[in-house]
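> Structure provided below as structure tokens; questions to follow.
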Amino acid sequence: MFKKILIANRGEIALRIIRSCKDLGIKTIAVYSDIDRSSPHVQFADEAYPLGGTTSAETYLDGNKIIRIAKDHGAEAVHPGYGFLAENAAFARDAQNAGLVFIGPSPESIELMGSKTAARSLMEKHGVPTIPGSKKALQSEEEALAEAQRIGYPVLLKASAGGGGKGMRLVENPGELPSALQSASREAQSAFGDSSIYIEKYLEQPRHIEFQILADSHGNVVYLGERECSIQRRHQKIIEEAPSVVLDSELRKKMGRAAIQAAKACNYLNAGTIEFMLDKHRNFYFLEMNTRLQVEHPVTELVTGLDLVQEQIRIACGEAISLSSVGERFWGHAVECRIYAEDVENNFTPSPGKITYLKPADGPGIREDSGVMQGNEISLYYDPMISKLIAWGKDREQAVRRMIRALKEYQLSGIKTNIPFLIRILQHPAFISGELSTTFIDEHRSELFKQPVTSPEAIGLMALLKHINRQRRISYRSDKNHKTPTSQWKMLGRMKHSR
Amino acid sequence: MKYIVKIQDRKYTFDYSENDKKISNQNNEPLDYDWVELGNGCFSLILNGNSYICHVSEQNGGYQIMVDGEVVSATIEDEQSLTLNKFVKAHAKEPSEQVIKAPIPGLVTRIFVQAGDKLKKDASLLALEAMKMENLIKAPCECTVEKIFVKSGQTVQQNQPLIQLKKSG
């Protein structure tokens, strides 16, 4: 087992990895940017070293700096988390060349699955179904129009190097295509440094269902069941759950086998996720493979009882996995909500600022993976996700009820969050009955964006009492000529010292 | 003194007595309340036996109340300021010029309009990139572009003026 690991990330995932390392008795090294000095991952690691600078490019994306710190301070392995360098083949290769173990797949697997077009043709070759569309990056607007005509509107434009919804556009008719293509490739260029865009058929009312897999260096590949991540805004997941309400044992086996097939096709090692789209007719299509730990991995942990980060570390150490029976048996149900610093009413724009008050939720069945503390600043430099709440229940209903309770208990002030919006989704009849699709938020827009006020008189009174209190305090201060009263204890202390 | 609390588009009137701290609602019913500050802007209200934990912060001259997973904005006026406002409003004209400000700090990636352009409602004005996402800033109404204060590639702060528009008609 490793003695010391460097965590090349920040926020909740860095802290989450640190915790698993501590459970295994492994020392941890955190790295941090200038503005993250007060972030929890820095406080909870055994050692912490500054990266110098603020932007992602000069800090968490600077692989050379990170590798140098790892070597200088005796780390044997690097855990990349998700985002930043997690799917950067060059970094994985550099780390290996520097004598470090990269906790993840080989650089070759990352490269192969990182190019969506290469991944698609590989999947087709191995009999894994894919969504109709062109396999290669578009060269011109004319080509895009012709291809869209061939597969039929609506179509989806996607960044070849992309992920997380960046550089993605839905196009309903030929008139929209040219401007969508331009803005998608611009977004792709700035997010990934690669402006290539490809096109595919847009599936109507699809569900996003993904399979967690583990692969060890002894040739074992297992799947740990699925996660349904159909609730998305701006093509980014916000609520995930395991298991999915639509999979029966037969379809789960079929998709699980396809996931294993996909992992074997790219010689996969360590934890990975195969994302599928499932249409109305229960046809599934390979979407992409994420060659890293997923944001939503905790729901799998809660229903399988595994610690996926520990599994990753064991696999990276060369141990064999012994979980061949997992994949069919789940304990109850788990739901995850991503808490974002964002303004829901204003098209989900990020809401930066300082967290002036924070009291997270807990209680039966609740886990929180948070990356912030009271007093922390949510900056514009990094992802606006600040925390993940995960609820477990013996069945879906209990898990969802616990999640609603926890979200209502959660108190965070200073920035806007999507908590009220998450509650409205979880309470929506269509969510409760499990009628999910990736267009859920658009479909139920009119109800989800309505802001009900449950007890207006009480809320009115709260505002009034705060208002009156504030006025009284001002007048109190002016009475005393702005002098603050001196504590009797202080005066006693001074008297003692002057004796 | 009478206070009018506005929540969304509804108004709630309260009568507060400075001397005995008693409050009655708009139906002149006295409210049985107990209000305790728990610290850091966090309060406990027990109203007619119903217990609430809430967080109240000041925001744009009003208040933002967070209770039971709801976030509600409220503004308060007392009798005097209400009378004054009515007077001011009666004499003020709606401004025909509007300055579009940056809703969030970010990078101006593209400007779609030029001074003098006549625009329809929801026409794209410029693209603002923040947290790796591109946000389109759109025209709030039918209008003409008067001035553009920023250049493509420029970093802007929150509330920094971007474009000045003149309402059509």
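The values are calculated or read from the model by the stated rules, or taken from the named source; none is laboratory data. What you are looking at is a predicted structure, and each value in this text was computed from that prediction instead of being measured. Glycine gets a Cβ as well: all are built from the backbone with ideal geometry, and neighbour counts include every protein chain shown. Note: accessible area is taken over every heavy atom of the protein model, side chains too, but ligands, DNA and RNA are not part of it. Shrake-Rupley method; radii C 1.70, N 1.55, O 1.52, S 1.80 Å.
> So what J values fall out for region A:22-27 if you push phi through Karplus, 6.51 cos²θ - 1.76 cosθ + 1.60 with θ = phi - 60°, rounded to Hz, Gly and Pro as x?
These are the phi-based 3J(HN,Hα) values: 4, 4, 8, x, 9, 6 Hz.
> With charges only on Cβ, +1 for K and R and -1 for D and E, what is the dipole size of chain B about its Cα centre, in debye, rounded to 20? Please list the in-between numbers first.
Details: 20 positive and 22 negative charges, 244 e Å.
Value, rounded to 20: 1180 debye.
> Next question. What is the P(r) of chain A, as percent of Cα-Cα pairs per 20 Å bin from 0?
Percent of Cα pairs in each bin: 21, 54, 20, 5, 0.
> How many lysine pairs are close in region A:207-448, with Cα atoms under 25 Å apart and the two 8 or more places apart or on different chains?
Value for region A:207-448: 24.
> Could you give the longest part of chain A that holds none of the chymotrypsin sites (Phe, Trp or Tyr not before Pro) found in DSSP loops with at most 12 neighbouring Cβ atoms within 10 Å? Please list the in-between numbers first.
On the way: sites that count: A:W331, A:F449.
The longest such stretch corresponds to A:1-330.
> Based on the Cα atoms of region B:55-169, what semi-axes does the equivalent ellipsoid have, where each is the square root of 5 times one gyration tensor eigenvalue, given in whole Å with the largest first?
Ellipsoid half-lengths, sorted descending, are 31, 23, 11 Å.
> Angle between the Cα long axis of helix A:116-125 and the longest principal axis of chain A, 0 to 90 degrees, nearest 10?
40
> Indicate the gyration tensor shape class of region A:207-448 (rounded, prolate or oblate), computed on the Cα atoms with a ≥ b ≥ c the square roots of the eigenvalues: a/c under 1.5 is rounded; otherwise a/b larger than b/c is prolate and the rest oblate.
Taking the square roots of the gyration eigenvalues as a ≥ b ≥ c, region A:207-448 is prolate.
> Roughly to the nearest percent, how much of the accessible area of chain B is carbon and sulfur, given a 1.4 Å probe?
Working: 4800 of 10030 Å².
Ligands and nucleic acids excluded, carbon and sulfur reach 48 percent.
> Please return the longest stretch of chain B lacking exposed loop sites, where trypsin sites (Lys or Arg not before Pro) count only if DSSP places them in a loop and at most 14 other Cβ atoms lie within 10 Å.
Values: sites that count: B:K21, B:K22, B:K93, B:K120, B:K121, B:K151.
The longest uninterrupted stretch comes out as B:23-92.
> Amide H neighbours of B:L31 under 5 Å, counting only residues 5+ apart in sequence or on other chains, H built in-plane at 1.01 Å?
HN-HN under 5 Å from B:L31: B:I23, B:S24, B:N25.
> About its Cα centre, what dipole magnitude does region A:207-448 give when the only charges are +1 on Lys and Arg Cβ and -1 on Asp and Glu Cβ, stated in debye to the nearest 20? Don't skip to the answer; put the middle values down first.
Numbers: 29 positive and 33 negative charges, 42 e Å.
In total the dipole reaches around 200 debye.
> In region A:313-373, what GluC sites (Glu not before Pro) fall in a loop by DSSP, with at most 16 other Cβ atoms inside 10 Å?
Hits after loop and neighbour filter: A:E319, A:E328.
> I would also like to ask the following. In degrees from 0 to 90, rounded to the nearest 10, what is the angle of the helix B:79-91 Cα long axis to the longest principal axis of chain B?
The answer is roughly 30 degrees.
> In whole Hz and in residue order, list the ³J(HN,Hα) couplings for region A:426-443 that follow from phi through the Karplus curve 6.51 cos²θ - 1.76 cosθ + 1.60, θ = phi - 60°; x for Gly and Pro.
5, 8, 6, x, 5, 5, 4, 7, x, 8, 9, 7, 5, 9, 3, 5, 5, 4
> Suppose every K and R has +1 on its Cβ and every D and E has -1 on its Cβ; what is the size of the dipole of region A:209-340 about the Cα centre, in Debye to the nearest 20?
Rounded to the nearest 20 debye, it is 320 debye.
> Search the structure for amide H atoms under 5 Å from the amide H of A:L138, placed 1.01 Å from N in the peptide plane, and list their residues when 5 or more places away or on another chain.
So A:L138 has HN proximity to A:I197, A:Y198.
> Taking the Cα atoms only, what angle lies between the long axis of helix A:177-192 and the longest principal axis of chain A, rounded to 10 degrees?
Compared with the principal axis, the helix lies near 70 degrees.
> Roughly speaking, what is the centre-to-centre gap between region A:336-413 and region A:69-114 when only Cα atoms are used, to the nearest Å?
That distance is 30 Å.
> Could you compute how much accessible area chains B and A hide from each other, both sides summed, with a 1.4 Å probe? Nearest 100 Å² is fine.
Looking at B and A, the buried total is near 4800 Å².
> Let me ask something else. Suppose we flag GluC sites (Glu not before Pro) only when DSSP calls them loop and at most 15 other Cβ atoms lie within 10 Å. Which is the longest uninterrupted stretch of chain B?
That would be B:19-141.
> Now a separate question. Pull out a ≥ b ≥ c, the square roots of the eigenvalues of the alpha-carbon gyration tensor of region A:157-217, then state rounded if a/c is under 1.5, prolate if not and a/b is larger than b/c, and oblate in the remaining case. Mind dumping the intermediate values first?
Numbers: a/c = 3.31, a/b = 1.44, b/c = 2.30.
The shape class here is oblate.
> Report relative contact order for chain A in percent, whole number only (criteria: Cα-Cα under 8 Å, sequence separation at least 6).
Computed value for chain A: 13 percent relative contact order.
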